[in-house]
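The values are calculated or read from the model by the stated rules, or taken from the named source; none is laboratory data. Note that this is a predicted model, so its numbers are computed, not measured. When we count neighbours, we look across all protein chains shown, and the Cβ atoms used for this are built from the backbone with ideal geometry, even at glycine. Note: accessible area is taken over every heavy atom of the protein model, side chains too, but ligands, DNA and RNA are not part of it. Shrake-Rupley method; radii C 1.70, N 1.55, O 1.52, S 1.80 Å.
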Amino acid sequence: TASLLAPCRASSALLTARHRISPLQKRLYTDEQNKNASGGRVFETTTAQFDKDVLDSDVPTIVDFYAEWCQPCKMLGPLLSKAVEKDGRVNLAKINVDENLDLAGDYKISSLPTVMAFRDGEPVAAFIGMRPPAAISEFVKDIAEGNEVGSAGRSA
């Protein structure tokens, strides 16, 4: 019986050796996890999750206030997502204003699309309307580097 199991043990050892993670693979995987932890995420959020996702975030977060019926929002959204993912130092939270009216009211959102950037729980920059891709990339870069651009504010 022992001789019958020997090939199975050898085969199992080969299989285990093939599936081990090399130090390089482990470092690349860890680097990717750290990148995601430090920014580059694009996600939907709600009024209930806003404090946790945006205000309490350790990462500067750009918020895209949009509506499904808004054509400029549909053009701007993918450009913002691409710029945030490419930069990797900030996050992008998307808020559907039709489903989160109280949050839109808190930030006095009266035109769409409205984009606001938050750092350390405070709004630091904003713009309203469509922008060219280069201007969007510059906005994301400025937020990532701690530069203030535009104006923003939440009602008391």
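Whole-Hz Karplus values for the stretch 56-72 come out as 8, 6, 7, 9, x, 10, 8, 10, 9, 7, 9, 9, 4, 7, 8, 5, x Hz, taken residue by residue from phi with 6.51 cos²θ - 1.76 cosθ + 1.60 and θ = phi - 60°; glycine and proline positions read x.
Accessible area per residue for the stretch 71-156 is 50 Å², calculated with a 1.4 Å probe on protein heavy atoms, without ligands, DNA or RNA. Label positions at D51 and N147, each projected 7 Å from the Cα along the C-beta direction, are separated by 3.4 nm.
Carbon-plus-sulfur accessible fraction, the stretch 67-156 (probe radius 1.4 Å, protein heavy atoms only): 52%. Shape verdict for the stretch 43-89, please, from the Cα gyration tensor: rounded (a/c under 1.5), prolate (a/b greater than b/c) or oblate. Since a/c reaches 1.5 but b/c is at least a/b, the shape of the stretch 43-89 is classed as oblate.
Can you bin the stretch 56-150 into rounded, prolate or oblate? Criterion: square roots of the alpha carbon gyration tensor eigenvalues sorted a ≥ b ≥ c, rounded for a/c under 1.5, prolate for a/b above b/c, oblate for the rest.
The shape class here is oblate.
Students sometimes get this wrong: rank M75, M116, M130 by accessible area, probe 1.4 Å, all chains present, largest first. Walk me through the numbers before you get to the answer.
Values: M75 110, M116 10, M130 70 Å².
Sorted descending by solvent-accessible area, the residues read M75, M130, M116.
For F118, the residues whose amide H sits under 5 Å from its own are T61, I62, V63, V124, ignoring neighbours fewer than 5 places away on the same chain, with H placed 1.01 Å from N.
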